[in-house]
Amino acid sequence: MEYSDKVLEHFYSPRNVGTLPDANGIGEAGDANCGDIMKIYLKVEENIIKDVRFMTFGCGSAIASSSIATELIKGKTIEEAWSLTNKSVIEALDGLPSSKIHCSVLAEQTIHRAINNYRIAMGLETWKDKYEENSDELHEEDRIE
Ligand code: FES
């Protein structure tokens, strides 16, 4: 399996690893097929993601995907962070092997759950996640949009 230099770099030196004690949005998602789990902690202030951390109990691609995803959403509005797709994660990593596409989907879904967790805490309506209805089938490669 061929990995890009970017994937390897983020796997060996992941950014924003850990938890945030003062997080006000926490999301967790797992992939039923591989058993990997991802957790994302957001510190949102005035609609901006001021800080973000992740914990991933999973494969190297899941670690690289969550690492780069945290970089991509830090400093962004929650609307911008919500619009981050797994395709953007893959592009930022200079590609992922086809059997590892679902790892990037996990990152997108975990961010969505963290944002909705924040929205619930703020008394706001949750946003609809396109994966929620079929969350047990994340391995399908046709999920890239
Ligand atoms: Fe399942 Fe990577 S193999 S998240």
Exercise. Identify the residue in segment 37-53 that is over 13 Å from the mean Cα position of the chain (by Cα) and of a type in the set (D, E, K, R) and, among all such residues, is farthest from the ligand (Cβ to nearest atom).
Key: E46
Quiz item: Which one is farthest from S66 (Cα to Cα) among residues in segment 5-14 that are part of a helix (DSSP H, G or I) and more than 16 Å from the chain's Cα centre (by Cα)?
Solution: D5
Quiz item: Are any residues in segment 60-81 more than 13 Å from the ligand (Cβ to nearest atom) and of a type in the set (A, V, I, L, M, F, W, C), and if so, which ones?
Solution: I68, L72, I73, I78, A81
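Can you work out which of the residues in segment 84-104 that are on the phi < 0 side of the Ramachandran plot and away from the ligand (no atom under 15 Å from the Cβ) is surrounded by the fewest Cβ atoms within 10 Å (Cβ to Cβ)? Working first, answer last.
Going through segment 84-104, the residues on the phi < 0 side of the Ramachandran plot turn out to be 84-93, 96-104.
Keeping just the survivors that are away from the ligand (no atom under 15 Å from the Cβ) gives 84-85, 87-88, 91-92.
Working: L84: 18, T85: 16, K87: 15, S88: 16, E91: 13, A92: 18.
My answer is E91.
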Quiz item: Inside segment 15-36, can you point out the residues that are within 14 Å of the ligand (Cβ to nearest atom) and part of a loop (DSSP other than H, G, I, E, B)?
Solution: D31, A32, N33, C34, G35, D36
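All of the numbers you see were taken from the coordinates with simple rules; none came from a lab. Owing to the predicted nature of the structure, the values given are computational and were not obtained by experimental measurement. As a convention, Cβ positions derive from the backbone with ideal geometry for all residues, glycine included, and neighbour counts pool all protein chains shown.
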